[in-house]
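Report on one structure; see the data block that follows.
The values are calculated or read from the model by the stated rules, or taken from the named source; none is laboratory data. Given the structure is predicted, the values throughout are model-derived calculations rather than measurements. Counting neighbours? That spans all protein chains shown, and the Cβs are built from the backbone with ideal geometry, glycine included. Side chains are part of the model used for accessible areas, which takes the heavy atoms of the whole protein and leaves out ligands, DNA and RNA. Shrake-Rupley method; radii C 1.70, N 1.55, O 1.52, S 1.80 Å.
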Amino acid sequence: MKKFNPSKKLIIALIVAIVVVATVSITATQRNRGGKNNLFQSVINDTVGFVDRTLRVPVSWVEKSVTAANDLFNTYDENKALKEKLDGYDNLAVENKNKDKEIASLKEQLDLTTTLTSFETINSNVISRSPDSWQDILVIDKGSKDGIEANMPVMAQKGLIGRIIEVNAASSKVELLTSENQNSNHFPVKITSEGGDYFGLLSSYDESESALVVSQLTGNATLKEGDLVQTSGLGGNSPANLVIGTVAKIKDNNLGLDKQVYVTPYAQMYDISTVTVVKRLAGEAN
């Protein structure tokens, strides 16, 4: 059996004693220096601080990048929501414009109604107007159940625009004054001038002149531009004094035997959304 060498035990004890004494000495020296570190501790602390700063730079960059990306996504979502709101505002503006237009049209119809106190009036909306027959026919949302009858005159925007030609239970067809139908019943009219009233027939529409044409005038009519043209009430179907338009010019026909009076209509024929159907009351024919 190998015996333990006492000299090795002595060496180990000496090393332990040296370490303890060195630790106590270092601690005491640090206290005497007012907490200042020695060179070894300073190097260790500086190294740790450098490593911490080195690692903090990419970490901070990553944090800032993530925050910027989140802000970018949030900005995108906010812009998308704002664009949707702007689209809604555009639709609202168009809707308000259409409502303002409808209100203005209804106001005109109310003004028209107050001028026709001797007649029954039925206000109606235009529900159909085919591009193929834009100048000829439109359909309204009132019919026989509302008291509509064939040949009743129809007005819009304070002027005559046509007559009822077909009646259903809940809708009716209106033939416009701009129609090219030569077989249509003509409106008897009167033209009021300084020399008196002259009577004739509203016979056609001249598209090139954008004017209605009155022919078969009675007497030696002396007319001028701006004279008022109205229904005469002589036909029996329409009441008198419904405004049609004003005289634009007077021309002799090809044979020189008759005058043709071109009339600028009061009503704008291309944009009609509401109309007033006029019913002649009993006893008004006289």
Item to check | All positions within segment 152-197 that are under 23 Å from Gly226 (Cβ atoms) and of a type in the set (Gly, Ala, Ser) | outcome: Ala156, Gly159, Ser193, Gly195, Gly196
Next on the checklist: Let me spell it out: the conditions are (1) modelled with pLDDT under 90; (2) part of a strand (DSSP E or B); (3) under 11 Å from Val189 (Cβ atoms), and Leu234 meets all of them except one. Which number is the exception?
Outcome noted: (2)
Checklist entry - Which one is most open to solvent (accessible area, probe 1.4 Å), of the residues in segment 129-146 that are under 20 Å from Tyr205 (Cβ atoms) and not hydrophobic (A, V, I, L, M, F, W, C)? => result Asp132
Next on the checklist: Here's a check for you: in segment 219-235, which residue that is open to solvent by less than 20 Å² (accessible area, probe 1.4 Å) and among the hydroxyl-bearing types (Ser, Thr, Tyr) is farthest from Leu176 (Cα to Cα)?
Outcome noted: Ser232
Checklist entry - Of all residues in segment 142-196 being more than 32 Å from the chain's Cα centre (by Cα) and of a type in the set (Gly, Ala, Ser), which is farthest from Thr222 (Cα to Cα)? => result Ala169
Next on the checklist: Need the failing condition index for Leu223 against (1) over 30 Å from Lys142 (Cα atoms); (2) in contact with a helix residue (DSSP H, G or I) (Cβ under 9 Å, 6 or more places away or on another chain), just the number.
Outcome noted: (2)
Item to check | Which numbered condition Ile191 misses (of (1) closer than 18 Å to Val275 by Cα; (2) in contact (Cβ under 8 Å) with a residue 60 or more places away in the chain; (3) β-branched (Val, Ile, Thr)) | outcome: (1)
Checklist entry - Quick one: in segment 191-218, which of the residues that are in a loop (DSSP other than H, G, I, E, B), under 15 Å from Gln268 (Cα atoms) and not polar (S, T, N, Q) is most open to solvent (accessible area, probe 1.4 Å)? => result Glu207
